[in-house]
Structures are given as structure tokens and as C-alpha cells.
Ligand code: 3HC
Ligand code: NAI
């Protein structure tokens, strides 16, 4: 049955789409729309046509699953052209999200009505694409080139009220009166002689025609945001064409650019990320409707770097937090850092001052451990020390109410060993946040041996509620992310002794698109984490740096020297320290190319990822990609480490690992899973 139905109502002709969940514009919808427009036009009794959607949203875009497959006619550009050239006025009735192709359909309509809660946007750039059904040509003609550039290049949607103010929406309806408002508008306009045809409008692009510097200015102002990406430049070029060449020529360019991008590696990777993010929510063997616990109050133990950041997530989401420390000074410091963070965000316009007060008002800081008794979920974020965590969990078990979930934010430690300290190991799991915890989107949910499905499902749901992307991990040293990070760090340390400099090593990753390399990361975190001045023995480069007061960014120097503005400069002093260690290691120093360094750092990570899959620690390769994308800033346009391996070929990774051989370390072994996938010519991601 077609997802498109039509209904005649006097002189009005309704076209209704019902294609759950998001009314994506797949082939059946496009064909149905084209047919319905033709039918409405052919009927002499019809004087206006309304396009609306059933379900939770107006068309949320093209059907992304169809990309990369042969196109089944009619294509969306043709459907949009058919709508625009309708002899009867066509009105779009918008609720939910009119995104991508959905907004392009609306732009082809002669009029647009929306409810105030609707959002309108062209998010294609986030999939490595540009709007490909006339959006780059029609949007500037409706709201002006400069505003259109902002929307198309950022991909961020705007609310219906702002869209109304910008002229993108003609009428705002009452929240529950969309169809009535659309019908009223249809009746109001149907007797007019002419209707606005977007592709023929020239008024709104006039300003840009008179300002030829606009596009280069935009490129310059947004250079950081678009660095390394193909799609934003294509978006800019297409909007530029909307201003400077006729509509038909502009759409031809848009089509050409779209076809180039959709078949390119960047868009394939970014589409993978879109689906991987949604896939990560699915837990193997757990029905989607698994019952979850209500979480109305959260307890946090430890008001340090992580405890404070974790608490902010809940406070922002409206969930009260009881925060317990062992000493008043640490508690006061933690609370004041949280307030400062909120105030800084408020200064940037992310929060209103009253929201800051409301969030901080939901916080109950205390030294009283017993206060955790009424919490539904308690997250421990004290020092990374097994004995301490064991002690805390056995005490928590006494204090927490029956049914409360006990979680640890440990980075590496064994959740099962921690859970065994309690009489409720089925209610214990890991909730591993990433620093800064109020910013980073990743949450590793570590499933213990005995964690029950309801507890696991609750942790995943809580993650979603506080805006995180949650990924399930099994128990192992470092879970998914830090275990792979350790594999990379081992190689980074080895490379130093073989003659590569910290800056060469870091640059090999930043030029790949990572936000920072291992030594920049170490300097940022502080080189003295886990370093003890009493027992220090000058046995590693890091120890010597700490001994010499080079403890990272906070002391103005670490692997690098830092300026006032935190800019990094290579240090001769550090080079000499490393050279000394290299000499003692007996390995003759040699030169490295960027490519070799990159292989040495990344291939072992992929190998570790393959072992993580082999051992069932990660459910699927795409979950590993999500961990790296949202926990460590891996560049989205490469799709994550496992997808990147698929793109360059798993065989190439295997031969690289074999080529590097002994240099990878005495204990290094190649994963059987990686070997089989390479030998069979398969991919990690399906
Ligand atoms: N195509 C295919 N499937 C889609 C889809 C799309 N455009 N949008 C969403 N889905 C699927 C999701 O994969 C998910 O499937 P699952 O249940 O099997 O995991 C399901 O619909 C529900 O999606 P969400 O979980 O994301 O639902 P939310 O309610 O959280 O969000 C949304 C809804 C805001 C519409 C969000 O899904 C979204 O942002 N979708 C993509 C929008 C987009 O990028 N549109 C542009 C597409 S490209 C285009 O239009 C090209 C054109 O210019 C030619
Ligand atoms: P931190 O040293 O900044 O904070 C720990 C806090 O715990 C201190 O304020 C301390 O006073 C408090 N504390 C210690 N014993 C306590 C007790 N018995 N009762 C109540 N409070 C107590 O440490 P950080 O960095 O916040 O780390 C906490 C945990 O989070 C560790 O397990 C760590 O491995 C993990 N983690 C750390 C990340 C990071 O980047 N810092 C990232 C992800 C996890």
C-alpha cells in the first residue's frame, strides 16, 4: 500500500504521507507524491493542494538507506519541480521536523504553515552532503544568501518562530490546529491570480549580488569549522551559484556536487556514523521494551574532576543530585568549579542566569554518606584505587535503598570485583564518563557479569536522558576506549625511543583530524597523575619530566613549552631528555615519515579493536567507532577507527602490522579476527 493517500474536501485536495517512523522520502513516498500532485492538478474541482504528514513528523529528509543504491525514479528534485509547477497553489503543513529533503519539499510548495514547536533545517552537511533537491537554490531565494549559508553550512535547524520571522514560514498555526490553519490559508490564497514560486524569486538574493565579498568572508570566518571537510565548501559554492547564475544552472551544479559527495568516502563515513549512533542504543538479547527503573534522584561520590562534571549532566537535565565528599575543602572546591562552569556557559549564552540558579539549586552537597540512602542511582567517582572502591561499594550496599543502582566511573578497574563487595551484584555496573564529563558525549555502560537487563537498560536510558551517546562494553582492563588508547600509547612511547619526536607523533594524528595527539593529551591531563615524588626513580621520560617540574600545561611546560595562550612549542630540553633515554635503550635513532608514524599508532588500535570484538567486549564494530568518535574526538568524516580500516582495507592493516613486526613490541600479537576478516576480504562493519 502506498504511504501516500489523498482526500478531497470541497475545493481542497489533501495529500497525506504516513511512512513511520519519520516520513523519510523513500521511493514509495516520492512516487506517491508525484502521482498525487498530478491527480490534484487534473481534477477541475480542486483549487488548492495541502501536503501534510501523519505520525510524529513532517518529512525528516531523504531516505538515507537508499543512498549509494541505484536511484529509483522519480528523484526528489523532479518531485519538487512538479510541486512547484503545480497550477494550483500547494501548501506545506509542517509539524515535528522538516529536514533535508523534507524542507526542500516545503520550499517547493507555494506556502508554508507550521506549528510553533516545528523545526526546519537542511542537515545534509552532517552526512557529508549538500541539499540535493534544490535546497541550496531555493532557501537563499526565500531567506537571503547569508542566512541560508548559515543554515546550510552548519546544518543546524531553526525553530518555526525564527523561521516565521525570517520569512521561511508564512503562517504559524496553533500547536494543535495545524490542519485547520493550513486549510484556512489554502482558502485565503486559492482565488489569487499568482502564487509565489520560489525558483523565480530574486528579491532576497539581491543583497548578496551587491556584496561579492560575502562568500570569501564566510569561508574565512568559518575556516576552523570546515577544515578537512568536503561538504561545506560544496554547500558554499552552490549557494554562491544561487546568487550568481540562473536557477536551472544552479540546480545542475547542486546535482553534480551532490553526486560527487554521495559517492565519496567522507559521506559514506558520516552516514555510517548516523546509523552507528542509533545502533549503539540496541543491546543484543535485550528486548527494546525492557522495563527500566525510575531515576528521580542521583547520588555522586567524589566532587573531583569527574564527580563535578557528571553531576552537572543530571542537574542540567532537571534531576536532583546528592553529592558526597570525604572532606569539606574538596566539596567546596568541587561545587565552586561547577558553578563557575555554569556561569561560563551562561556568559556564552548557553544558559540563562535563572537556569544556572535552578540547576545549582538541585544540588545537595554533603559529607554525610548516609544521605545517599534515598538515591535511585549512585555513581562513584573517587580516586582510581581498587581497595578504596571496594570499601566504598560495601558501604554503599549498606546505605543504598533496595533496588538502587550502584555504578562506578572507574577508568580501568574490574567491575565484577567491585560488584562482589555487595549483596546486589545484579544492580552494579560501570558508567564511565569522559572528561570533561559535562561536555563529552560518550558514556561507556559497563555490563558486569551479573548486571540484570533492567539495570543495564536503565543506565542506557539515563544516558540518553542526559544527552549522552551510550555504548555497552563488557568488563576488561580499560573497557573499549581506554584499552585501545593504551595500545596507541605503547607505540607512542616506543616511537620516542626510536627517534620520532613528541611533536612529530602528535602532528601525525592532528593532521589526520584528531583534536590532539598522545603527548598533548598527557600535558593537558597532567604528567603527574599517578606519579609519586617520594618513590620516583627517573626510569621513564615522563618521570624525569615530572622531576624537572615539567608537569604539563598547568605548570606551563611538559612535553611542550606553553605560552600564555596555551600555544605549544617544541622543547629542546625535552628533546635532550628523550635522546638520553634513546641512547640508553641501545636503538639507533632514525627518521620517520608521517605515514609510518600514523600506521604505528593507529593499526595497533584497530588490532586491539578486533580483539575487543573477538572477546565480545563490544557488541559490534560500529560501537567501537562511536566510542572513539564521541569519547576522543576521532574525525567523523573517517567514520571511526574500524570503519576507517574498512575504507582503507583490513588487508592493508594486516600487512602493515606484519611489516612493522618486532617494532610493535615483544608481546604484540595480531588478532585472529583481524586476520580472518583480512584474508576473507571482508569488513568489520558488515
Ligand atoms: N532516512 C532513513 N532512516 C531514518 C532517517 C532518514 N532520513 N531519519 C531517521 N531514520 C530512522 C533512524 O535510523 C531510526 O531508525 P531505528 O529506529 O531503526 O534506529 C528511526 O528513523 C528513528 O530515528 P531517531 O532515533 O533518530 O529518532 P529521533 O526522534 O531521535 O530523531 C530525527 C528524529 C530528528 C528526524 C532524526 O532521525 C534525524 O535527524 N534524521 C535525519 C535527518 C536528516 O539528516 N535528513 C536529511 C537527509 S539527507 C537528504 O534529505 C538529502 C536531500 O537533500 C536530497
Ligand atoms: P579526582 O582526584 O579529581 O577526584 C576524586 C575525588 O574523590 C576527590 O575530590 C576526593 O576528595 C574524593 N574522594 C576520595 N575518597 C573519597 C571518599 N571515601 N568519599 C568521598 N569522596 C572521596 O579524580 P577524578 O579524575 O575525578 O577521577 C575519579 C574517578 O573517575 C577515577 O576512578 C578515575 O579513574 C575516573 N575517571 C577519570 C577521568 C579523568 O579524565 N580524570 C576520566 C574517566 C574516568
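Values quoted throughout were computed directly from the atomic coordinates according to the rules given, and no laboratory measurement underlies them. Only a predicted model underlies this, so the values are computations on that prediction, with no experimental measurement involved. FYI the Cβ positions are ideal-geometry reconstructions off the backbone, even for glycines, and counts take in every protein chain you see.
I need to check one value: relative contact order of the chain, counting alpha carbon pairs closer than 8 Å and at least 6 residues apart, in percent.
Reported as a whole number, the value is 9 percent.
Could you tell me the distance between the Cα centroids of region 551-576 and region 233-299, to the nearest Å?
Region 551-576 and region 233-299 have Cα centres spaced 39 Å from each other.
Can you tell me which of 390-401, 12-23, 341-352 comes out highest on packing, and rank the rest after it, using the mean Cβ neighbours within 10 Å?
By packing density, highest mean first, the sequence is 12-23, 390-401, 341-352.
Using the Kirkwood radius over C-alpha pairs as Rh, can you work out the diffusion coefficient of region 68-161 via Stokes-Einstein at 25 °C, viscosity 0.890 mPa s, in µm² per second?
Result for D is 181 µm²/s.
Mind pulling the per residue volume of the convex hull built on the Cα atoms of the chain? Å³ is fine.
182
Multiplying the sequence separation of residue 1 and residue 364 by 0.36 nm and subtracting their Cα-Cα distance, what value in nm do you get?
That pair, residue 1 and residue 364, stretches by 125.1 nm at full extension.
List, largest first, the extents of the alpha carbons of region 229-281 along their principal axes, each in whole Å.
Sorted largest first, the three principal extents are 45, 17, 17 Å.
Any idea what % of Cα-Cα pairs in region 219-365 are farther than 24 Å?
Of the Cα pairs, 62 percent sit more than 24 Å apart.
Against the longest principal axis of the chain, how steep is helix 247-262, in degrees 0 to 90 to the nearest 10, with axes from Cα atoms?
30
Beta carbons within 10 angstrom, averaged per residue: use that to sort the peptides 142-149, 3-10, 117-124, highest first.
By packing density, highest mean first, the sequence is 117-124, 142-149, 3-10.
For the chain, take the longest principal axis of its alpha carbons; what is the angle in degrees between that and the long axis of helix 650-660, to the nearest 10 within 0 to 90?
In the chain, helix 650-660 runs at an angle near 30 degrees to the longest axis.
From the alpha carbon gyration tensor of region 562-686, can you work out the equivalent ellipsoid semi-axes (sqrt of 5 times each eigenvalue) and give them in Å, largest to smallest?
With the √(5λ) rule applied to region 562-686, the semi-axes are 31, 21, 13 Å.
First check a/c for region 519-585, with a ≥ b ≥ c the square roots of the eigenvalues of its C-alpha gyration tensor; if it is under 1.5, answer rounded, and if not, answer prolate when a/b is larger than b/c or oblate otherwise.
Here region 519-585 falls in the oblate category.
How many percent of DSSP beta bridges within region 4-263 run antiparallel, rounded to 5?
Bridges in region 4-263 that DSSP calls antiparallel: roughly 30 percent.
Please give, to one decimal in nm, the separation of the simple spin-label points placed at residue 56 and residue 524, each 7 Å out from Cα toward the Cβ.
About 3.3 nm, to one decimal.
Rg (Å, one decimal) plus Dmax (Å, integer) for the alpha carbons of region 388-504?
Looking at region 388-504, its Cα Rg and Dmax stand at 16.7, 57 Å.
Using the beta-carbon distance between residue 355 and residue 531 and R0 = 45 Å, what value does 1/(1 + (r/R0)^6) give for FRET efficiency, to the nearest 0.05?
With R0 = 45 Å, the Cβ-Cβ based efficiency is 0.70.
Would you compute, from DSSP H runs of 4+ residues alone, the mean residue ellipticity of the chain at 222 nm, taking -39500 (n - 2.57) per run and dividing by the full residue count, rounded to the nearest 500?
-14000 deg cm²/dmol
What spacing in nm lies between the two simple spin-label points modelled at residue 27 and residue 275, each 7 Å away from Cα in the Cβ direction?
Reported label-point gap for residue 27 and residue 275 is 1.6 nm.
So for 176, 580, 63, 170, fewest C-beta neighbours within 10 Å to most, what's the order?
176, 580, 170, 63
Past the 28 angstrom mark, what percentage of all C-alpha to C-alpha distances in region 4-263 do you count?
28
Which three numbers, in whole Å and largest first, are the semi-axes of the equivalent ellipsoid of region 298-477 derived from its Cα gyration tensor as √(5λ)?
Value: 26, 18, 14 Å, ordered largest first.
Taking the number of other C-beta atoms within 10 Å as the exposure measure, put 634, 503, 644 in order starting with the fewest.
Listing 634, 503, 644 from fewest to most nearby Cβ atoms yields 503, 644, 634.
Residue 587 to residue 187: extension gain in nm, 0.36 nm per residue of separation minus the Cα-Cα distance?
Residue separation times 0.36 nm, minus the Cα-Cα distance, leaves 135.6 nm.
Sorted by packing (mean other beta-carbon atoms within 10 Å per residue), highest first, where do 230-241, 26-37, 209-220 land?
Descending mean neighbour count gives 230-241, 26-37, 209-220.
Considering only DSSP beta bridges with both partners in the chain, what is the antiparallel share in %, to the nearest 5?
Roughly 30 percent of the DSSP beta bridges within the chain come out antiparallel.
Taking the beta-carbon count within 10 Å as an exposure proxy, list 115, 472 from fewest neighbours to most.
Ascending number of Cβ neighbours within 10 Å: 115, 472.
Measure off 7 Å from each Cα along the Cα-to-Cβ vector at residue 245 and residue 507, then give the distance between these two points in nanometres to one decimal.
Result for the modelled spin labels: 3.9 nm.
Using the alpha-carbon atoms, what tilt in degrees (0 to 90, nearest 10) does helix 145-154 show relative to the longest principal axis of the chain?
The angle comes out at about 40 degrees.
Compute the length gained on full extension between residue 450 and residue 210: take 0.36 nm times their separation in residues and subtract their Cα-Cα distance, giving the result in nm to one decimal.
Answer, rounded to one decimal: 79.6 nm.
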